[in-house]
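The values are calculated or read from the model by the stated rules, or taken from the named source; none is laboratory data. Quick caveat, the model's predicted, so the values are computed rather than measured. We place every Cβ from the backbone using ideal geometry, glycine too, and count neighbours over all the protein chains shown. The accessibility values were calculated without ligands, DNA or RNA, using every heavy atom of the protein model including side chains. Shrake-Rupley method; radii C 1.70, N 1.55, O 1.52, S 1.80 Å.
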Amino acid sequence: MLDSDFVRAQFPAFAEPSLEGQAFFENAGGSYTCQPVIDRLERYYRQRKVQPYGPYAASRLAGEEMDEARRRMAALLGVETGELSFGPSTTQNTYVLAQAFRQFMQPGEAVIVTNQDHEANSGPWRRLAEAGIEVREWRIDPETGHLDPEDLAELLDEKVRLVCFPHCSNIVAEINPVAEITAMAHAAGAFTCVDGVSYAPHGFPDVGALGADIYLFSAYKTYGPHQGLMVVRRALAEVLPNQAHFFNADVLYKRFIPAGPDHAQVAACAGMADYIETLAAHHGCAPGAVHDLMRAQEERLLQPLLDALKGRNRVRLIGPAEAARRAPTLALALGRPAAPVAAALAEQGIMAGGGHFYAVRPLRAPGLDPEEGVLRLSFTHYTSEAEVTKLIEALDAVL
């Protein structure tokens, strides 16, 4: 089992006096930052805040730290170092990729998107219709939020060049079978773009094993700085049109980053690898096994919360009621505006949110009002059993 006390000791937020007595349940919007990331960021700003890759020591070390972050995070994700890029955000990275596909594809060819996605992995691809590209929607079951691969099979044909879908939705939270979906797309001659923003905080995936051609997530939701991490596998990256300066076209990890990266934050991303390796050493396992430790801890804490919600007639849980099938991100439709309920929970020491969370399409599909929104309760592996109990008690008081 995951050593919860050891885990929490790696996050300064849990020793911060201003946060004492409050339980954080809006992790899907952004996680606490681990100490190694803070240490690296502070060191960079103190000692390395110069243009990197120059001949003098501070500059050389700055570049080495950036390279270290890319190398170690790529290894964690099971991909080549050059296949991993850092950009300002996942939304921006997706937008740039969509521009590359706009140039790559021909009018009449097709992309497939879902209505389960956060808008960042839906809106940019839908705009390809302006260039004469057909946009097909893989729709969720309006009752359950489930994406059925059999429905995807009916959309795939020789015209489809790209299938865009989430590893899990920030509202539905059901974990989609990425390897199976990717195999279906590849068999039809299409690439896949997987939005991992809502999954990666619960254990860095082995992107190489999943087979996805593009995998995107946000470091500020995986205990790090505000950067978007973007894997584009070599076979695809080399055929998509370059979106960067022409003289960077031959550098794989620069092809889809038009602007210069945030040097300090890129370097600080190595702290995420530090954190995973620290957990692995403490628990006597390989870094890749930390994913399973995190998921097991989350499932153990999530099921009692799901069970506590089952008996509430006026609360509609979106997505599966089994912890093993979903991420610990719960969207609750209350039949009334959710924001005031989140405010009432704050008075009980629960930090949560109410709204549509940029997931307007997944809310409209089952007939919910995005303006009314949902109450979203999300946690990750560093959440304690006592905090989940506190949440259940606060829900009893507020609901």
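Could you give me the residue pairs with C-beta distances under 8 Å whose first residue belongs to region 97-116 and is in contact (Cβ under 8 Å) with a residue 12 or more places away in the chain and of a type in the set (D, E, K, R), whose second residue is open to solvent by 10 Å² or more (accessible area, probe 1.4 Å) and part of a loop (DSSP other than H, G, I, E, B) wherever it lies, and which are 6+ apart or on separate chains?
Close Cβ pairs satisfying both conditions: Glu109/Lys159.
Could you pull out every one of the strands (runs of 3 or more DSSP E) wholly within region 74-165 that has 3 or more residues that are in contact with a Phe, Trp or Tyr (Cβ under 7 Å, 6 or more places away or on another chain) and at pLDDT 95 or above?
Because the criterion is at least 3 residues that are in contact with a Phe, Trp or Tyr (Cβ under 7 Å, 6 or more places away or on another chain) and at pLDDT 95 or above, the strands (runs of 3 or more DSSP E) in region 74-165 that meet it are 110-114.
Any idea which of (1) open to solvent by less than 60 Å² (accessible area, probe 1.4 Å); (2) over 20 Å from Ser169 (Cβ atoms) is the one Gly373 doesn't satisfy?
(2)
Check Gln92 against each of (1) in contact (Cβ under 8 Å) with a residue 24 or more places away in the chain; (2) polar (S, T, N, Q); (3) over 23 Å from Cys164 (Cβ atoms) and name the one condition it does not meet.
(3) is the only condition that Gln92 fails.
Does region 18-35 contain at least one residue that is touching a residue at least 60 places away in the same chain (Cβ under 8 Å), under 20 Å from Asn248 (Cα atoms) and among the small types (Gly, Ala, Ser)?
No, there is no match, as no residue in region 18-35 is touching a residue at least 60 places away in the same chain (Cβ under 8 Å), under 20 Å from Asn248 (Cα atoms) and among the small types (Gly, Ala, Ser).
Which condition number does Ala173 fail, the rest of (1) open to solvent by 30 Å² or more (accessible area, probe 1.4 Å); (2) on the phi > 0 side of the Ramachandran plot; (3) not charged (D, E, K, R) being met?
It fails just one condition, (1).
Considering region 179-224 alone, what residues qualify as being in a loop (DSSP other than H, G, I, E, B) and either touching a Gly at 6+ places or on another chain (Cβ under 7 Å) or open to solvent by less than 10 Å² (accessible area, probe 1.4 Å) (or both)?
Listed by number, the residues that qualify are Ala190, Gly196, Gly203, Pro205, Asp206, Ala212, Thr222, Tyr223, Gly224.
Which numbered condition in (1) open to solvent by 10 Å² or more (accessible area, probe 1.4 Å); (2) free of Cβ contacts under 8 Å to residues at least 40 places away in the same chain is the only one that Gln265 fails?
Against the list (1) open to solvent by 10 Å² or more (accessible area, probe 1.4 Å); (2) free of Cβ contacts under 8 Å to residues at least 40 places away in the same chain, Gln265 comes up short only on (2).
Looking at this structure, is Glu299 open to solvent by 40 Å² or more (accessible area, probe 1.4 Å), free of Cβ contacts under 8 Å to residues at least 40 places away in the same chain and under 19 Å from Asp117 (Cα atoms)?
No.
Out of curiosity, is Ala342 aliphatic (A, V, I, L, M) and either open to solvent by 30 Å² or more (accessible area, probe 1.4 Å) or closer than 17 Å to Thr144 by Cα (or both)?
No.
What are the pairs with Cβ atoms under 6 angstrom where one residue, in region 313-330, is touching a residue at least 40 places away in the same chain (Cβ under 8 Å) and the other, located anywhere, is in a loop (DSSP other than H, G, I, E, B) and of a type in the set (A, V, I, L, M)? Sequence gap at least six, or different chains.
Ile318/Ile171; Ile318/Val172; Gly319/Val172; Gly319/Ala173; Arg326/Ala173; Ala327/Ala173; Thr329/Ala173
Being under 30 Å from Val232 (Cα atoms) and modelled with pLDDT of 95 or more is true for just one of Arg40, Arg8, Arg46. Which residue is that?
Arg40
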